[in-house]
1. Over the alpha carbons of region A:390-495, what is the largest minus smallest coordinate on each principal axis, giving the biggest first in Å?
2. GNM, chain B, Cα, under 10 Å: largest mean-square fluctuation among B:GLU21, B:GLU74, B:GLU64?
3. Given the DSSP H assignment, sum -39500 (n - 2.57) over each helix run of at least 4 residues in chain A and divide by its residue total; what's the result at 222 nm in deg cm²/dmol, nearest 500?
4. Mind checking region A:388-478 for trypsin sites (Lys or Arg not before Pro) that DSSP puts in a loop (not H, G, I, E or B) and that have at most 13 other Cβ atoms within 10 Å?
5. Would you mind classifying region A:326-373 by shape? Square roots of the alpha carbon gyration tensor eigenvalues, ordered a ≥ b ≥ c; an a/c under 1.5 is rounded, otherwise it is prolate if a/b is larger than b/c and oblate if not.
6. Kindly compute the accessible surface that chains A and B hide from a 1.4 Å probe when together, both sides summed, and give it to the nearest 100 Å².
7. Using θ = phi - 60° and the Karplus form 6.51 cos²θ - 1.76 cosθ + 1.60, what ³J(HN,Hα) does each residue of region A:409-425 get, whole Hz, x for Gly and Pro?
8. I'd like the mean, over residues of A:379-392, of how many other protein chain beta carbons sit within 10 Å of each residue's own Cβ.
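The values are calculated or read from the model by the stated rules, or taken from the named source; none is laboratory data. If you're wondering where the values come from, they're calculated on a predicted model, not measured in any experiment. Cβ placement follows ideal geometry from the backbone for every residue including glycine, while neighbour counts extend to all protein chains displayed. Protein only, heavy atoms only, side chains kept; ligands, DNA and RNA dropped before computing areas. Shrake-Rupley method; radii C 1.70, N 1.55, O 1.52, S 1.80 Å.
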Amino acid sequence: MSALTSLTLKSAMDGLADKSFSSVELTQAHVEAVEAARGLNAFVLETPDKALAMAQASDARRASGDAGPLDGAPLGIKDLFCTKGVRTTAASKIIGDFVPTYESTVTANLWRDGAVMLGKLNMDQFAMGSSNETSCWGPVVNPWRARTAEGGGGNAPLTPGGSSGGSASAVAAELCLGATATDTGGSIRQPAAFTGTVGIKPTYGRCSRWGVVAFASSLDQAGPMARTVEDAAMLLTSMCGYDPKDSTSLNVETPDFAPFVGKSVKGLRIGIPKEYRVDNMPAEIDALWEQGIAWLKEAGCEIVEVSLPHTKYALPAYYIVAPAEASSNLARYDGMRYGLRVEGANLTDTYEKSRAAGFGTEVKRRIMIGTYVLSAGYYDAYYLKALKVRRRIADDFDQAFERVDALLTPTAPSAAFGLGDKSDDPVAMYLNDIFTVTVNLAGLPGMSVPAGLDAAGLPLGLQLIGRALDEGTLLSLGGALEKAADFRAKPQKWW
Amino acid sequence: MTIDVATVRKVARLARIAQPEETLEKLAGELNGIMAWIEQLNEVDTDGVEPMTSAVHMPAPMREDLVTEGGDPEMVLSNAPKRAGAFFVVPKVIE
């Protein structure tokens, strides 16, 4: 049944609608693909029984004529989304056996529209990481492998990126038709670029954060990963929507995003931020960026050079803001009401031992940074300073968007790298997010579209950045890039 | 500003994370590396800039002060590491 797993979400929905196959058949094919791909370590929990029960219910709904827009579509869910009655761990031992008694709003929206859950996807612990190596469940392996020794080390296992590495790997390996993911500094877009998939981080506030394990609340935003721009648009439509349970949820209408894909982009003005031409960027990425510019020109866009002068300060500002928020958010894991408890000599000792045993190294490191920058005497020098720089970064975008409709940049400064290559150097790892993190600080929508392969045969992505709430234009542009790039490469199955 | 071992010990205590004494020096090195990289923020002129505390331009929403959900102790306690009846069991807090 490999043909059923190779379908796009759109063609699968068409096939279900014209009764070419049932959701049970479609789901069974995906369940088998998931079981056969355990070498990728993309899933931390498989829920085949639940998937088939949901598929059966979907077929019944379709038979009675009330199928929803995603009815019967098997999806993977990042293990950061609380799923009622299904273990949710954020890939951390501190909540390693946590079973939520409630459903996140984003996943509830997907089930409302008929989607089927295949299981929970691996990720960096608490979404902190760019390579999926901080997961307590072990790293995810990228289904892509380098063709030659150059750029990737032959057949050495590569990272799918992070933090949504399980989502990226599962979508690229055709284990699911699409997946949920989250993006705090690039965690949807960088893994999308590393795996030849499409990822969208919508405007902050489009997707409810309710029931999504919190990392940095002013930056966290959910979004979809899929194999085509249209599929991502379909998932995004379902995931978004106002939610009174999230006080930063935007009370705005969610458009049907899919029709934006394929719309003409003629006359749109595209900004090329000169500060994104960083030192040591591989020539292939620079060339791909030039190619993307040429494609959009051919599609009728006007190319304008713009300046975002504070770009280089985005990552350092992020590494104050995000750890500060994380240190506060993760204070809740104290071993009292849920999660891991390691008994100590007294209450404080119990807290300290529980948290030492439950959190991974990178999570502890970020909690420590956050605690330090918020501690007495440093708050103004670090935290307040970072919030002011954040404002200047957002102002840069505001000024650019007075002149252009969207921006085009590379998604990541390299192709997928080897597992273990950067795990000893936190700052080198953080630099992965150099092109993506600005968007989170400003709360803007961004998406990554696969645009080509490097010399080693590994996928590279281009990033589009839009005005707040203008995902529609991004999707039209993403569709134009997808069409021009005609990216059809798939990873050779080895798993 | 360099972070010494004493500062790391203090921050670990504030963060309620037990850090074995022998790891403090390495941790101090890592934190210093990260903070040195962050220092470049001082190059940015932020005089008179309003700190950005939220990514959305809207006032905090208000709602009626009413109980919306509740009354289900089983749900609340279902993940408790230690419980007795309808109560959480926690270490002794008052001597």
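1. 47, 37, 21 Å, listed from the longest principal axis down.
2. B:GLU74
3. The per-residue figure over chain A is -11000 deg cm²/dmol.
4. Taking region A:388-478 and a limit of 13 other Cβ atoms within 10 Å, the loop trypsin sites (Lys or Arg not before Pro) found are A:ARG403.
5. Since a/c reaches 1.5 and a/b is larger than b/c, the shape of region A:326-373 is classed as prolate.
6. Accessible area lost upon association: around 5100 Å².
7. In residue order, the calculated couplings are 9, x, 7, 9, x, 7, 7, 3, 10, x, 4, x, 5, 10, 6, 8, 10 Hz.
8. Mean number of neighbouring Cβ atoms from other chains: 5.
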